[in-house]
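Q: Quick one: the structure is below, and I'll ask about it shortly.
The values are calculated or read from the model by the stated rules, or taken from the named source; none is laboratory data. Computed from a prediction, not measured in an experiment: that's the story for all the values here. For neighbour counting, all protein chains shown are included, and Cβ atoms are generated from backbone atoms with ideal geometry for every residue, glycine included. For accessibility, only protein heavy atoms count, side chains too; no ligands or nucleic acids. Shrake-Rupley method; radii C 1.70, N 1.55, O 1.52, S 1.80 Å.
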Amino acid sequence: MDRLEAMGFLLAALDVGSFSAAARRLGIPAATLTRKIDQLEQHMGATLLIRTTRKLALTDAGQRYAEGARRIVAEVRDMEREAAGEFIEPTGRLVVSAPRMFGRLYVQPVIHDFLRLHDAISVELQLSDGNVDLAAGAADLAVRIGALPDSSLIATRLGSMRTVNVASPAFLDSHPFPRHPDDLAGLPAILLDIPQPDKGPRHGGQGQVHDRTRLIVSGAEAAVDAAVAGVGVVRLLHYQAAQALKEGRLRLLLENFESEPAPVHVLHAPLVQLPQKTRHFIDFAASRLRASLLALGQDERGYGFAVADQG
């Protein structure tokens with residue numbers, strides 16, 4: 001049994017919450033991953049995981065084993081990178097995680113330009129509205145929008161992003177125009193069911209509270225389309241609605257009641273030595289993403305702003 005491989009399978013399952021999802025990420029059959037972890041438990045003579053139909057949970061022995069496995073996998077990864085010359089020249093595969101829509105609109109174009117300059121580097125862009133475990137090596141870098149929890153991750157500030165309420169002109173022609181957040185309660189609403197940096201008044205912000213949710217969607221593009229179609233009011237990150245706002249298909253609401261803009265960062269694990277591919281990408285991407293956030297904020301029609309900080 002390859003114990004290092006089995007450790008990686010175990011950590012992958014813990015990071016995504018299920019054997020099937022981990023197998024898809026690793027590109028292997030779910031039965032293979034299950035068998036490898038079973039063999040690991042048999043070798044250990046201990047149960048590491050409690051498996052239910054809903055989630056995976058670690059036993060006490062599994063918790064201790066997983067902590068040690070993360071350290072071992074990270075050390076082996078660093079040794080392999082050093083042997084491959086990643087600490088000397090920018091080379092190898094770089095895994096970047098970003099929110100789905102922000103990644104497609106802003107991060108992917110930067111990656112295209114980066115690849116033109118670095119023939120020895122390949123990039124995997126993981127688009128997901130959930131957070132990957134950088135400490136476990138799920139990705140080399142992650143772009144995140146929102147306040148960062150206390151952690152050991154190294155963050156480079158790129159700027160800030162508004163959260164806005166929007167609706168279509170046709171919708172506002174046929175419904176009372178909201179002057180206060182309380183006015184949203186009686187209006188038809190669209191709910192974007194993905195993690196957002198600000199959840200609104202119920203969570204301390206000045207956002208939307210609705211009693212009349214008409215539509216729930218799991219993608220920002222679908223939420224924008226529904227708002228343009230007049231289904232209701234929706235709360236979005238500014239960049240998600242920016243194009244429709246520019247074109248006049250949506251209008252901003254309650255600007256005076258907006259929460260503080262959410263910070264935007266690029267993050268990486270606290271490695272003793274940062275691979276050259278990672279360092280080069282951060283240097284290349286940070287200035288370009290800051291410029292994109294500033295351009296969004298400096299729209300001449302005043303549809304939003306983003307403050308780019310150099311910290």
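Q: To the nearest 0.05, what FRET efficiency results for ALA31 and ASP193 with a Förster distance of 30 Å applied to their C-beta separation? Let's see the in-between values first.
A: Values: r = 32 Å, r/R0 = 1.06.
Working from the Cβ atoms, E equals 0.40.
Q: For labels at GLU80 and LYS55 in the simple 7 Å Cα→Cβ model, what's the distance in nm?
A: 3.0
Q: Report relative contact order for the chain in percent, whole number only (criteria: Cα-Cα under 8 Å, sequence separation at least 6). Kindly include the intermediate steps, with their values, before the conclusion.
A: Working: 544 pairs, mean separation 63.2, N = 311.
Computed value for the chain: 20 percent relative contact order.
Q: Mean projection of the alpha-carbon convex hull of the stretch 59-195 over all orientations, in nm²? Intermediate results must be reported in sequence, preceding the final value.
A: Details: hull surface 53.3 nm².
Mean projected area of the Cα convex hull: 13.3 nm².
Q: For SER152 and ARG3 in the same chain, what is the full-extension length gain: residue separation times 0.36 nm, less their Cα-Cα distance, in nm? Mind dumping the intermediate values first?
A: On the way: separation 149, 0.36 × 149 = 53.64 nm, distance 2.72 nm.
Additional length available on full extension: 50.9 nm.
Q: Considering only protein heavy atoms and a probe of 1.4 Å, how much of the accessible area of the stretch 15-84 is carbon and sulfur, as a whole percent?
A: On the way: 2280 of 4420 Å².
Ligands and nucleic acids excluded, carbon and sulfur give 52 percent.
Q: Shifting gears a bit: Quick one: compute a quarter of the convex hull surface over the Cα atoms of the stretch 1-134 and quote it in nm². Write down the numbers at each step before the final one.
A: Working: hull surface 37.9 nm².
Mean orientational projected area (the stretch 1-134, Cα hull): 9.5 nm².
Q: With charges only on Cβ, +1 for K and R and -1 for D and E, what is the dipole size of the chain about its Cα centre, in debye, rounded to 20? Spell out each step's value before the answer.
A: Working: 34 positive and 36 negative charges, 97 e Å.
My answer is approximately 460 debye.
Q: Another question, then. In the chain, with Lys and Arg counted as +1 and Asp and Glu as -1 at Cβ, which of these residues, ALA226, LEU125, GLN273, has the Cα nearest the positive end of the dipole, that is, farthest along it?
A: ALA226
Q: Run the quick spin-label model on SER218 and ARG64: label points 7 Å from Cα toward the beta carbon, then report their separation in nm to one decimal.
A: Spacing of the two 7 Å Cα→Cβ label points: 3.9 nm.
Q: If you take Rg and Dmax of the Cα atoms in Å from the coordinates, which of (i) 19.6, 60; (ii) 22.3, 69; (iii) 28.5, 111 do you get?
A: Checked against the structure: label (ii).
Q: Quote the charge dipole size of the stretch 100-173 about the Cα centre in Debye, to the nearest 20; the model charges only the Cβ of Lys and Arg (+1) and of Asp and Glu (-1). Working shown, then result.
A: Values: 6 positive and 8 negative charges, 42 e Å.
Value, rounded to 20: 200 debye.
Q: Another one. Could you run the Karplus curve 6.51 cos²θ - 1.76 cosθ + 1.60 with θ = phi - 60° over the stretch 17-34 and give me ³J(HN,Hα) per residue in whole Hz, x for Gly and Pro?
A: Along the stretch 17-34, the couplings run x, 7, 5, 5, 5, 5, 5, 5, 5, 7, x, 10, x, 4, 5, 5, 4, 4 Hz.
Q: While we're here: Could you report the chain's accessible area per residue, 1.4 Å probe, as an integer in Å²? Can you show the working numbers first?
A: Working: 15600 Å² over 311 residues.
Result: 50 Å² of accessible area for each residue.
Q: How big is Rg to Rh over the stretch 100-165, alpha-carbon atoms, Rh as the Kirkwood inverse-mean-distance radius? Walk me through the intermediate numbers first.
A: On the way: Rg = 13.5 Å, Rh = 13.9 Å.
Computed over Cα atoms, the ratio is 0.97.
Q: Separate question: Starting at the first residue of the stretch 125-132, write each ³J(HN,Hα) from the Karplus equation 6.51 cos²θ - 1.76 cosθ + 1.60 with θ = phi - 60°, in whole Hz, x for Gly and Pro.
A: 9, 9, 9, 7, 8, x, 9, 7
Q: Could I ask something else about it? Under the rule that an exposed site lies in a DSSP loop and has at most 13 other Cβ atoms within 10 Å, name the longest stretch of the chain with no GluC sites (Glu not before Pro) of that kind, not counting the sites themselves. Don't skip to the end; give the middle numbers.
A: Working: sites that count: GLU247, GLU300.
For GluC sites (Glu not before Pro) (loop position, at most 13 other Cβ atoms within 10 Å), the longest site-free span of the chain is 1-246.
Q: May I ask you to derive the FRET efficiency for ALA229 and LEU115 from their Cβ-Cβ distance with R0 = 25 Å, giving the value to the nearest 0.05? Working shown, then result.
A: Values: r = 37 Å, r/R0 = 1.49.
With R0 = 25 Å, the Cβ-Cβ based efficiency is 0.10.
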